[in-house]
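Take a look at the structure set out below.
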Amino acid sequence: MFVPSALTILAICAGLTAVRAVIDDNVNLAMALVVAAALLDGIDGRVARLMGATTKIGAEIDSLADAINFGVVPALIMYLYLLQGYDLGWGFALIYCCAIVLRLARFNTLLDDTDAPGYTRDFFVGVPAPAAALVVLLPIGLAQQFGDGWWTSPLVVGLWLVVVALLAVSRVPTASLKTSSVQPRKLAGLLILVAIGAALLLTYPYVLMIILVAAYAVHIPFAWRSRRWVQARPEHWEAPPAERRAERRAIARGQPRRVLPPRKSTARLGLHIPGSEPTTAQSVSDTSATDAPAADVPVSDTPAGGDAR
């Protein structure tokens with residue numbers, strides 16, 4: 001119990017220190033501390049589960065830490081750096097902060113729903129709090145990378161706070177990485193992307209931030225479409241995400257799921273793996289060998305009763 005709770009407390013300290021960094025006009029340190037708080041928030045729960053130290057008090061501390069680090073802290077940073085001196089700007093900051101608190105309260109109630117279908121574990125309801133904190137700080141990233149512009153005007157910043165707040169409390173589905181897995185054939189490409197991300201983090205961190213926010217925004221329509229697809233098919237509710245993706249691809253091609261053909265050696269001998277169907281070429285050859293009445297009778301290449309494909 002001590003180690004996971006200690007990581008949560010460290011995350012709170014990092015988030016609150018980010019506010020002090022902005023007050024001291026060190027916005028780069030503030031942004032780094034918010035990222036550190038998000039990373040600590042991402043590992044404390046996993047450490048608790050690995051150590052078998054999940055407790056009710058640990059879950060409550062984690063929820064309060066999320067409200068501080070991803071609700072209060074980003075709102076204060078945005079106000080102190082871009083909206084200070086504007087009364088309406090403080091109202092925008094309050095809207096965002098309250099929306100994150102409401103979003104976390106709804107998340108906690110959904111955790112107690114044991115009757116929810118299995119596919120609901122693959123999606124968040126609304127933008128999760130850590131992602132909302134990263135997205136809402138985008139105007140600061142743009143200002144640090146490109147200087148002042150229309151993206152730093154108080155009205156645009158305020159509207160951005162409201163938009164992110166609405167996304168957080170909305171029922172728009174977003175992808176959850178908790179149940180995702182990486183296929184071995186895609187591992188090399190993913191590692192290359194990680195290396196590129198690390199290079200950008202060390203050289204152009206705000207460019208990386210802009211790319212991540214844009215990629216997250218682009219993924220939302222795909223997550224909405226995926227959830228809508230599985231929601232309409234109860235037979236796939238408990239299937240793993242990889243099986244659902246394979247089924248969607250097969251349906252899109254207008255054919256049943258692909259069955260791996262037998263190896264060349266077995267196909268050449270006219271054999272097939274037990275429990276699998278023989279290939280089309282093998283079926284045609286077997287049919288022509290057994291059903292042809294004579295050598296001078298032409299045999300059609302199309303199987304009886306079927307259409308040519």
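The values are calculated or read from the model by the stated rules, or taken from the named source; none is laboratory data. From a predicted model like this one, the values you see are computed outputs, not experimental measurements. Note: ideal-geometry Cβ built from the backbone for every residue, glycine included; neighbour counts use all protein chains shown. When the accessible area is computed, the model is the full protein with side chains, heavy atoms only, and any ligands, DNA or RNA have been set aside. Shrake-Rupley method; radii C 1.70, N 1.55, O 1.52, S 1.80 Å.
General observations
- Rolling a 1.4 Å probe over the protein heavy atoms of segment 117-215, with every protein chain left in place, gives an accessible area that is 75 percent carbon and sulfur.
- Entry comment: accessible area of segment 59-213 is 53 Å² per residue, from protein heavy atoms only and a probe of 1.4 Å.
- Area of Ile211 that stays accessible when all protein chains are in place (1.4 Å probe, Å², to 10): 90 Å²
- Under 10 Å, Cβ to Cβ, from Gly15 - net charge with Lys/Arg +1 and Asp/Glu -1: -2
- Protein accessible area in segment 34-115, 1.4 Å probe - carbon and sulfur %: 68 percent
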